[in-house]
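Here's the structure, in structure tokens; my notes come after.
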Amino acid sequence: MIGYVTIGVKDMEKAKAFYTALLEDLGAKVIFDMDRIAMIGKGMDEPMLSVCIPYNEEDPSPGNGNMIAINPGSKELVDKLYHKAIELGGTCDGEPGQRIPDMFYGAYFRDPDGNKVAFYQFG
């Protein structure tokens, strides 16, 4: 149902480098790239992450309560990608761990622009 999610960034090259390096283990790459917007994902037929310089050219601002959640397919990948995000310049917003016993495992970080992202695994 979701085609893509867009987040505002200050530096397109930095954002593309961060997200392509972070998500390459999931098969993601830059699919579509124009001056102020780029789509990152596996293909146009699957959900994508879009990074962009805001249309009004004002500074981007992460929404309070907004978050992108990505299911990489296992708890091990949640851990791996969380640590990779931190190594790439993200900041911790909740270390990897079991949030709901036997149901939800998650890890949270903020990208260099302050956007909140979660990696999670159900079950």
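I need the shape label for the stretch 50-117. Rule: rounded when a/c is under 1.5, else prolate if a/b > b/c, else oblate, with a, b, c from the alpha carbon gyration tensor. Prolate is the answer for the stretch 50-117, as a/c is 1.5 or above and a/b outweighs b/c. In straight Cα distance, which lysines are under 17 Å from LYS16, not counting same-chain residues fewer than 8 positions off? In chain and number order, the partners are LYS29, LYS42, LYS84, LYS116.
How much of the DSSP bridge set in the stretch 24-123 is antiparallel, in percent, rounded to the nearest 5? Write out the running numbers ahead of the final one.
Values: 22 of 25 bridges.
Bridges in the stretch 24-123 are about 90 percent antiparallel.
Karplus-based coupling profile of the stretch 74-88, in residue order and whole Hz: 6, 5, 4, 6, 4, 4, 4, 6, 4, 5, 5, 4, 5, 4, 7, with θ = phi - 60° in 6.51 cos²θ - 1.76 cosθ + 1.60 and x standing for Gly or Pro. As a rough footprinting exposure proxy, the listed residues ASP35, ASP25 were ranked by other beta carbons within 10 Å of their own, and the order from fewest upward is ASP35, ASP25. Ranked for footprinting exposure by Cβ neighbours inside 10 Å, fewest first, MET12, MET34 give MET34, MET12.
So for TYR4, TYR82, fewest C-beta neighbours within 10 Å to most, what's the order? Walk me through the intermediate numbers first.
Numbers: TYR4 15, TYR82 25.
In increasing order of surrounding Cβ atoms, one gets TYR4, TYR82.
A straight chain from MET103 to GLU13 at 0.36 nm per residue would run longer than the Cα-Cα distance by 28.7 nm. The magnitude of the dipole of the stretch 30-123, with charges of +1 and -1 set on the Cβ of Lys/Arg and Asp/Glu and taken from the Cα centre, is near 340 debye.
Every number in this text was worked out from the coordinates using simple rules, so none of it is lab data. None of these values were measured; they are calculated from a predicted model. Note that each Cβ is placed from the backbone with ideal geometry, even for glycine, and that neighbours are counted across all protein chains shown.
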